[in-house]
Amino acid sequence: MSTQTQMAKAQADAATLQAEAQSTDTVGSGISGDGRWHRRLVSLVVAACLVAVWALVAAMHVFSRASLPTPMRVVHDFVHAVVRGYGGHSLLAQAEISIERVVVGFVAAVLLGVVVGMLMAIIPVVHDGIDPILQFLRPIPPLAFIPLLVTWFGIGELPKVLLIFFCTLPIVILNTLSGVRGVQESRLRVAQCLGATRSQILRHVILPSALPEVFTGMRVGLGVSWTCLVAAEMVAASRGLGWMVLQAGHYLQSGMIFVAIISIGVVGFLMDLALRLIEQRVVPWKGKA
Amino acid sequence: MIQIEGVRKVFPGRAGNPPTVALEEMHTQIEDGQFITVVGPSGCGKTTLLNIIAGFEAPTVGTVLVDGQPVTGAGADRAVVFQQASLYPWLNVRDNVAFGLTLKHGRRSVDQGRVDEMLEIMGLAQFSRHAPYELSGGMQQRVAIARALVVQPKILLMDEPFGALDAQTRGDMQSFLLQLWRRLRPTVLFITHDVEEAILLGDRVLVMTPRPGRLAEEVVVTLDRPREYAMVLTDAFTLHKRQILRVLRPDQAELHTG
């Protein structure tokens with residue numbers, strides 16, 4: 001496999017998380033520390049080149065200064081946002097409020113989603129009742145719900161948390177469902193032969209077997225949560241990173257738009273990283289067995 | 001004793017296909033402590049037979065009796081080992097082996113001595129804290145066998161347990177299994193598609209043929225115990241092999257001369 005493909009894989013595309021877990025695994029164990037270092041170097045060089053091109057284009061004034069800021073301008077605005085704040089709150093406080101919204105909606109969706117997914121997998125009636133609703137809701141873009149939520153709940157915290165909750169819930173449910181359904185028959189049979197009761201099989205075989213897929217659902221769900229939140233904040237909010245993008249846009253502060261967008265990317269990446277670390281601790285066997 | 005009485009298994013045809021007869025009416029019985037091997041190509045119903053004895057599937061017609069009691073489902077008296085070790089990756093080697101005891105007595109009251117002894121017998125003692133996926137295929141299969149045997153089942157059902165191993169490991173595992181069987185004496189039903197393996201291990205070989213799956217021949221193996229690999233060079237072994245291949249490869253005329 002070429003380096004580029006590996007790197008593209010490492011970009012954590014939500015749809016291929018499972019495959020990614022496997023490929024980084026085989027590569028990780030086969031390649032020495034040197035190889036990893038080289039790959040990191042390539043990533044850094046490419047990123048540096050991109051910034052250089054950006055600086056060049058900005059310096060040439062191809063676009064007006066108001067629409068394309070220079071990298072230095074963005075750094076300046078970043079420092080400004082961190083130290084003096086933007087819209088009455090420091091950048092960190094803006095990020096914090098966004099993260100809080102995501103965490104509340106996301107955790108609620110995971111807790112309920114895992115339970116509902118398990119029930120759907122085990123009890124056919126529950127599945128038949130809920131599955132059509134999920135299939136109906138799934139193709140609707142989250143943004144479509146925002147006007148309704150704003151009409152019903154205003155622009156406070158509740159509509160944002162609810163949006164995140166409802167957009168993440170189906171993903172967690174469906175992944176849990178497929179995790180439970182995908183339990184290898186032989187794992188169940190081994191337990192049966194050892195005299196396991198139904199509840200023992202559920203607790204000691206099915207639940208842990210489904211965990212890797214639950215985590216896949218959680219990682220995809222977290223990505224979706226973050227996207228939903230930023231969208232919601234851009235439509236109806238008075239704080240948060242998404243609000244910053246829109247607000248800076250209104251005042252043509254392109255440097256600040258960049259700061260907000262980069263912050264959204266960094267926070268999203270860090271949240272995924274955190275979840276990945278938890279995943280490695282909880283399901284170290286993922287992709288290996 | 002396992003009695004297989006008129007067992008027949010038909011799978012209903014799907015999407016307009018005719019039903020498949022997986023297992024044609026079958027009668028046989030297996031005495032306690034016997035090592036029975038079942039050999040045949042894929043599609044001969046050997047796995048179906050094992051699944052019925054294990055209680056994973058119900059026969060369409062007929063019954064399986066274990067010590068006079070009809071089999072109605074899986075039970076702790078019949079342990080199964082599959083081709084894939086099917087270990088639980090969230091448990092270490094020791095906890096995998098202890099799994100059956102944990103289910104029965106609870107985590108705290110597991111007889112640790114028994115687990116230790118089993119790990120010792122299986123040569124797994126120094127790997128007890130390892131994760132299953134850190135072990136080689138042969139070692140994983142040992143853990144699976146240990147997990148099955150630690151609850152002291154009377155019957156050990158093995159579905160091509162060494163089918164996924166390389167030839168060397170496979171040979172090692174065969175002699176290892178024979179030692180284990182001599183020591184613990186469970187009744188073994190061992191399924192394989194390898195004729196040599198079937199002869200080398202079994203007291204009796206059930207030879208099955210496909211379409212429809214049926215028991216075509218029973219061969220009583222006259223090789224002495226303890227068995228060892230070099231026995232494949234003896235005349236008696238060749239004789240048994242010829243006997244079995246005649247059934248499995250009726251088109252090979254040379255098998256039928258001499």
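The values are calculated or read from the model by the stated rules, or taken from the named source; none is laboratory data. Since the structure is predicted, the reported quantities are computational estimates derived from the model, not experimental observations. Note: ideal-geometry Cβ built from the backbone for every residue, glycine included; neighbour counts use all protein chains shown.
If only residues of the range B:94-122 that are touching a residue at least 24 places away in the same chain (Cβ under 8 Å) and in a loop (DSSP other than H, G, I, E, B) are counted, the one that is nearest to the chain's Cα centre (by Cα) is B:122.
So which of B:91, B:87 is facing chain A (nearest Cβ under 9 Å) and over 19 Å from the mean Cα position of the chain (by Cα)? Criteria check complete, one pass: B:91.
Taking the criterion of being within 23 Å of residue B:173 (Cβ to Cβ) and at pLDDT below 95, the residues of the range B:99-122 that qualify are B:100, B:114, B:115, B:116, B:117, B:118, B:119, B:120, B:121, B:122. Pull up the range B:94-113, narrow it to residues that are within 15 Å of residue A:194 (Cα to Cα) and among the basic types (Lys, Arg), then point me to the one that is nearest to the other protein chains (Cβ to nearest Cβ). Once the filter is applied, the top-ranked residue is B:104. Restricting B:64, B:81 to residues that are buried (at least 20 other Cβ atoms within 10 Å of the Cβ), out of contact with any Lys or Arg (no Cβ under 7 Å at 6 or more places or on another chain) and within 11 Å of another protein chain (Cβ to nearest Cβ) narrows the list to B:81. Exactly one residue out of A:150, A:161 is in contact (Cβ under 8 Å) with a residue 24 or more places away in the chain, away from chain B (no Cβ under 14 Å), surrounded by 19 or more Cβ atoms within 10 Å (Cβ to Cβ) and out of contact with any Phe, Trp or Tyr (no Cβ under 8 Å at 6 or more places or on another chain): that is A:161. Of everything in the range B:123-133 that is part of a loop (DSSP other than H, G, I, E, B) and away from chain A (no Cβ under 11 Å), the residue that is modelled with the lowest pLDDT is B:123.
Suppose we keep only residues that are charged (D, E, K, R) and more than 7 Å from chain B (Cβ to nearest Cβ) within the range A:179-193. Which one would you say is farthest from residue B:82 (Cα to Cα)? Checking each candidate, the answer is A:181.
Would you confirm, using the coordinates I've provided, whether residue A:228 is at the interface with another protein chain (Cβ under 10 Å from one of its Cβ atoms) and at pLDDT below 95? Taking the combined requirement at face value, the residue does not satisfy it. Among the residues of the range A:128-182, the one identified as outside any helix (DSSP H, G or I) and at pLDDT 90 or above is A:182. Of note, residue A:285 satisfies the criterion of being in contact (Cβ under 8 Å) with a residue 24 or more places away in the chain and farther than 21 Å from residue A:93 by Cα. Remark: residue B:190 matches the filter, which requires a residue to be among the aromatic types (Phe, Trp, Tyr), assigned to a strand (DSSP E or B), crowded, with 19+ Cβ neighbours inside 10 Å and touching a residue at least 24 places away in the same chain (Cβ under 8 Å). Any residue that is modelled with pLDDT of 90 or more and either touching a Gly at 6+ places or on another chain (Cβ under 6 Å) or more than 19 Å from residue A:203 (Cβ to Cβ) (or both) - is there at least one of those in the range A:116-126? Yes, the conditions are met somewhere in the range A:116-126. Considering A:196, A:237, the condition of being in a loop (DSSP other than H, G, I, E, B), within 14 Å of another protein chain (Cβ to nearest Cβ) and hydrophobic (A, V, I, L, M, F, W, C) is satisfied by A:196 alone. Just one of the numbered conditions (1) surrounded by fewer than 20 Cβ atoms within 10 Å (Cβ to Cβ); (2) in contact (Cβ under 8 Å) with a residue 60 or more places away in the chain is not true of residue B:39: (1).
Okay, residues lined up against (1) among the polar types (S, T, N, Q); (2) part of a loop (DSSP other than H, G, I, E, B); (3) within 21 Å of the chain's Cα centre (by Cα); (4) within 27 Å of residue B:179 (Cα to Cα):
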{"site": "B:215", "(1), (2), (3), (4)": "no, no, yes, no"}
{"site": "B:236", "(1), (2), (3), (4)": "no, no, no, yes"}
{"site": "B:245", "(1), (2), (3), (4)": "no, no, yes, no"}
{"site": "B:255", "(1), (2), (3), (4)": "no, no, no, no"}
